[in-house]
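Engineer: My questions will all concern the structure given below.
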Amino acid sequence: MKKKLRINPILKKELMVGSRSMKMSFAILGIDAFLTLIVILVMASANMMTGFSGYDYSSLVWLFPILGCTECGLLSLIVPIITSGSISGERERQTLDIMLTTPVSPFSIALGKLGSAMVVVMMYMISSIPILAIAFVLGGLNWGALLGLIGILLYLGIYVGSVGVFCSSFVKKSIVATILTIAIGVGILVITGVVFYAWIGISNYYSMKNGGSFSPGAAPLVMMFNPYSPLFDFILRTMSGTSLYEIIETAGNQSVVLGWIYKGWIPISVVLNLLIALGFLNLAARNICVTRNRKK
Amino acid sequence: MLEIQNLTKRYGKFLALNDLNLHIDKGEIFGFVGPNGAGKTTTMRIVCGLLKASSGTVLIDGVNALLRPDDIKRKVGYVPDFFGVYDNLKVMEYMEFYGSMYGMEREEVCEISEGLLELVNLSDKREAFVDTLSRGMKQRLCVARALIHNPDLLVLDEPNSGLDPRARFEMKEVLKNLGTMGKTIIISSHILPELSEMCTSIGIMEHGQLIISGKVEEIMQKSAGTQPIRIKATVSGQGEEDGREYIATVLKEQPSVSKVSYTEDEILVSFTGSEQEAAKLLKTLVERDIAVSNFYREKEDLESLFLEITGGNQE
């Protein structure tokens, strides 16, 4: 007999409850208003720079990195807020206990919570497409770049959401989980960024001093663990035609194998970080089970 | 139906359950009684797979709940002592949500839910939002939710706590109905007279151990003639502490007194003597210059038995 495809019951419930709340509508309105304000400011500043010599529409291409990074920043703030109360909220209501007496596994609970956050992210992405499209239509970028940006932002949503669900699974207060999620994101961003640029800097210094004999080795691979690096690479490729691969090659990469890896930066980093996100979800599921050992 | 053998649970150094043994037959309504921290909730949570035991065995229909917790999830329905509400969810949607967690189809859940809502007298509330229901209604809905997958064993942790008398009565009727349907029910409650009316057997717990358990009638027979005496008394010229000590000394000298304990304003005396011996005890107290303002022998009921066993430390 053909098995019927089932939607995760927690996801279904979250969507039903969320759709009845005005919170999501107001949040999307606020985000879109903020993005629109940025577009207006960029267009106004472009107008001021060109003065009376006519409007240079090609300058609007800069809307792409600005809007891309703004959306990424907003997403990194919104997703932790959505996911931080996902498990801790259930625990506060004591509905988590009831859930755990059903056959639904802790991993499914964590996955359902992430799924509902991703639906919100998708709605937020879809609603902002017309604003993003200004950069593409007026700035002269192709639609592939727009879809690529949306894809990378969705992947980032999954990553940040998984960290948020994980934090919510072992922290009692939602606000602490939000702060912790943001702190983990910023921590990874800063640590990997510092390691990457320190090695590139050292490499360039020695190359100049000794005539290009120093290679950064595998150190730049650390940057692949930075969930924001695919977005950075994507913006670099779209805007300037260069990439993280070329930055590393210029610094003096001498390994052929590493060269291949650096060339495929975006897919490799995305897959790597999605696996890490899966690890966070697994840890969240384990934490949900650990509650069974706590005294009520 | 349920067999608990040598169940022990430790939280660090604290021993919450100490070698607990319990047997509940199919179709029984078993009442769990005990003071705060006795281990009732811990036992119930272990039975439901929400807590890991330190050692021991829990068999539900022959399945080891500690080794195969996933296998017993379809056999057990759990009602916690606190009702969690989801905002913006209607009664029927609430039932559908939990039905879907057991892998049930929407049509099947709707059909079963209709019957269950009727059973708990909430048929007219099927389209109402859950957070608009009264506490009593929410608690009955929680019972209906716990029955959605037709479990053999229903575990209710103080379902009547915080309910007004009418809501308690309605809940009692629901549980009685479930009893007639052949469901095995474990229920813990503060309200002992209700338990004695509703339950077919009871177990009294203290300090993680089951002190006494069995059919209600058997236990009442065992306790016949051990009704405690409640005394309010003072000793003139002595402080409260010294007075209590003096009264306790006098009481313990009497052969029919087995235990003396205190509630907030009363002395609770475990007394095994006859009515004449009780009268003699009162006479002795008065003769020893103790001013007795109240002297009352408890009736033979579950509450007095509980007070007798736990020394007045009622939950």
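Every number in this text was worked out from the coordinates using simple rules, so none of it is lab data. Values in this document were obtained by computation on a predicted structure and should not be read as measured data. So basically every Cβ, Gly included, is an ideal-geometry build from the backbone, and we count neighbours across all protein chains shown.
Engineer: Work out, step by step, the length gained on full extension between A:V256 and A:A133: first 0.36 nm times the residue separation, then minus their alpha carbon distance; give nm to one decimal.
Structural biologist: 40.4 nm
Engineer: In nm, to one decimal, how far is the modelled label at B:N64 from the one at B:E114, with both set 7 Å along Cα→Cβ?
Structural biologist: Here the modelled spin labels are 4.4 nm apart.
Engineer: Got a sec? How would A:W62, A:W260, A:W199 order by Cβ neighbour count within 10 Å, fewest to most? Present the calculation step by step, with values, prior to reporting the outcome.
Structural biologist: Numbers: A:W62 15, A:W260 11, A:W199 20.
Lowest to highest Cβ neighbour count: A:W260, A:W62, A:W199.
Engineer: Using a Förster radius of 51 Å, what is the FRET efficiency between B:T249 and B:D131 based on their Cβ-Cβ separation? Nearest 0.05, please.
Structural biologist: Computed FRET efficiency for B:T249 and B:D131 comes out at 0.35.
Engineer: How far apart, in nanometres, would the label points at B:T200 and B:N150 be if each is projected 7 angstrom from Cα along the Cα-to-Cβ direction?
Structural biologist: 2.0
Engineer: Need one value for B:95-105: mean number of C-beta atoms belonging to other chains within 10 Å of its residues' C-beta atoms.
Structural biologist: Per-residue shielding by partner chains comes out at 5.
Engineer: With a cut-off of 15 Å, note down the residues of the stretch B:139-161 whose backbone N falls inside the zone around a label point 7 Å from the Cα of B:V85 toward its beta carbon.
Structural biologist: From the stretch B:139-161, the list is B:139-142.
Engineer: Another question about this same structure. Please give the peptides B:121-129, A:114-122 ranked by average Cβ packing (other Cβ atoms within 10 Å per residue), highest first, as a rough proxy for protection.
Structural biologist: A:114-122, B:121-129
Engineer: Sticking with this structure for a sec: So if we plug the beta-carbon distance of B:A291 and B:D19 into 1/(1 + (r/R0)^6) with R0 = 45 Å, what FRET efficiency do we get, rounded to 0.05?
Structural biologist: My answer for the efficiency is 0.50.
Engineer: Further question on the same structure: By the gyration tensor of its Cα atoms, with a ≥ b ≥ c the square roots of the eigenvalues, what is the shape of the protein assembly as shown: rounded for a/c under 1.5, prolate for a/b over b/c, or oblate?
Structural biologist: Prolate.
Engineer: Determine the shielding of peptide B:42-52 by partner chains: average, over its residues, the number of Cβ atoms on other chains within 10 angstrom of each Cβ.
Structural biologist: Mean number of neighbouring Cβ atoms from other chains: 3.
Engineer: Right, something else. Tell me, what HN-Hα J-couplings in whole Hz come from the Karplus equation 6.51 cos²θ - 1.76 cosθ + 1.60 at θ = phi - 60° for each residue of the stretch B:174-188, using x for Gly and Pro?
Structural biologist: For the stretch B:174-188, the Karplus curve yields 4, 5, 4, 4, 5, x, 5, 7, x, 6, 8, 10, 10, 9, 10 Hz.
Engineer: While we're on this one: Across peptide A:89-102, what mean number of C-beta atoms from other chains lies inside 10 Å of a residue's C-beta?
Structural biologist: For peptide A:89-102, the averaged partner shielding equals 6.
Engineer: Roughly how far apart, in whole Å, are the Cα centres of the stretch A:6-39 and the stretch A:96-118?
Structural biologist: A separation of 20 Å, based on Cα centres.
Engineer: Then there's this: Under the 0.36 nm per residue contour assumption, what length would be gained going from the current alpha-carbon distance of B:A279 and B:E217 to full extension?
Structural biologist: 19.5 nm
Engineer: What ranking, highest mean first, results for peptides A:18-28, A:84-94 when packing means the other Cβ atoms within 10 Å averaged over each residue?
Structural biologist: Going by the mean number of other Cβ atoms within 10 Å, highest first, we get A:84-94, A:18-28.
Engineer: In terms of the Cα gyration tensor, with a ≥ b ≥ c the square roots of its eigenvalues, is chain A rounded because a/c is under 1.5, prolate because a/b exceeds b/c, or oblate?
Structural biologist: In terms of gyration-tensor shape, oblate.
Engineer: Quick one: 3J(HN,Hα) in Hz for the stretch B:136-144, Karplus 6.51/-1.76/1.60 with θ = phi - 60°, rounded, Gly and Pro as x.
Structural biologist: Those phi angles translate into x, 5, 4, 5, 5, 4, 5, 5, 4 Hz.
Engineer: Does anyone have the angle between helix A:174-210 and the longest principal axis of chain A? Alpha-carbon axes, 0 to 90°, nearest 10?
Structural biologist: Between the helix axis and the principal axis of chain A, the angle is about 30 degrees.
Engineer: For n ≥ 4 DSSP H runs only, could you compute -39500 (n - 2.57) per run for the protein assembly as shown, divide by its residues and tell me the 222 nm figure to the nearest 500? List each step's numbers first, then the result.
Structural biologist: Details: 23 runs with 343 residues, N = 611.
Helices in the protein assembly as shown give a 222 nm mean residue ellipticity of -18500 deg cm²/dmol.
Engineer: Could you pull out every residue, at least 5 positions away or on a different chain, whose amide H is within less than 5 Å of the one on B:L154? Hs are placed 1.01 Å off N in the peptide plane, and Pro or chain starts have none.
Structural biologist: Under 5 Å from the amide H of B:L154 lie the amide H atoms of B:G77, B:T184, B:I185, B:I186, each far enough along the sequence or on another chain.
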